[in-house]
């Protein structure tokens, strides 16, 4: 694979979408309740720290496929920010001592280390609620708003991301088959990535058939993201990862690398990359950004 540095068009797009979503989150957190300033500070620490902002980027990119390059991206800001808040909350809780017990995230102390465990728990709780406040704050047609809320709630909860996290925790020191590993990651990592793409497509006015195609693309890149994470956990340095290298192996977690080996995992990654590219051929409009996002996901860390 080529260098992990994305092409200039994608770099510009990622920078623009990151700036938009960060501004929306800052706006949402700019008036803390008196006496709860530390909570708001911890929320901002988690949601506005270093990160790829991949999920917001998918919202904007998928909306543009159906609305065109001149689409008013401000219509997507609240949805993009909501997804980033859910993602940030999940990382805060993942890092807690009762779960993965990590001290480093995105190259700096995790939220419970920077503040304390109780504040981190509350910050995660509040970011989850903040996501739905953001979606409800946007003036959208009621049916569209309901669709967006349904997508996010389903992807984030016990039928999506949280279910995957529960299975992941129960799988430590267990031997899983590939048939068991894949559904876990389609929930834990893939559900929110798929929701990001679908929410962007909904904001862009996609049809039901087009939503199905977007889902196939997003499911492929969502799983690819996890496979590449598993590869990087073995092959990349801590400075590149932003978290301790080899953490999954130390916890004896089942991964694509532990089941397939590094080369086998890379073949799985290439297959998923191809599936995503094939799905894009069935979408109207300019899908170059979505293709570049897929490329970036599988090439990062190289």
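The values are calculated or read from the model by the stated rules, or taken from the named source; none is laboratory data. Worth saying up front: this structure is predicted, and the values here are computed from it rather than measured. Note: ideal-geometry Cβ built from the backbone for every residue, glycine included; neighbour counts use all protein chains shown.
Of note:
- Qualifying residue in the stretch 5-25 (condition: outside any helix (DSSP H, G or I), at pLDDT 95 or above and in contact with a helix residue (DSSP H, G or I) (Cβ under 8 Å, 6 or more places away or on another chain)): no
- Residue satisfying all of: in the stretch 243-257; at pLDDT 80 or above and either closer than 14 Å to residue 168 by Cα or in a loop (DSSP other than H, G, I, E, B) (or both); farthest from the chain's Cα centre (by Cα) among these: 254
- Test for residue 45: is it more than 20 Å from residue 156 (Cβ to Cβ), surrounded by fewer than 24 Cβ atoms within 10 Å (Cβ to Cβ) and over 19 Å from the mean Cα position of the chain (by Cα): no
- When 38, 52 are checked against the criterion of being touching a helix residue (DSSP H, G or I) at 6+ places or on another chain (Cβ under 9 Å), part of a loop (DSSP other than H, G, I, E, B) and over 17 Å from residue 198 (Cα atoms), 52 stands alone in meeting it.
- Residue tally, condition in contact with a helix residue (DSSP H, G or I) (Cβ under 8 Å, 6 or more places away or on another chain) and either over 13 Å from residue 219 (Cα atoms) or surrounded by fewer than 21 Cβ atoms within 10 Å (Cβ to Cβ) (or both), over the stretch 260-289: 19
- Count of the stretch 78-115 residues which are out of contact with any strand residue (DSSP E or B) (no Cβ under 9 Å at 6 or more places or on another chain) and in a helix (DSSP H, G or I): 15
- Those residues of the stretch 258-287 which are outside any helix (DSSP H, G or I) and in contact (Cβ under 8 Å) with a residue 12 or more places away in the chain, in sequence order: 282, 283, 284, 285, 286, 287
- Meets criteria (exposed (fewer than 13 other Cβ atoms within 10 Å of the Cβ), part of a loop (DSSP other than H, G, I, E, B) and either within 19 Å of the chain's Cα centre (by Cα) or at pLDDT 95 or above (or both)) for residue 69: no
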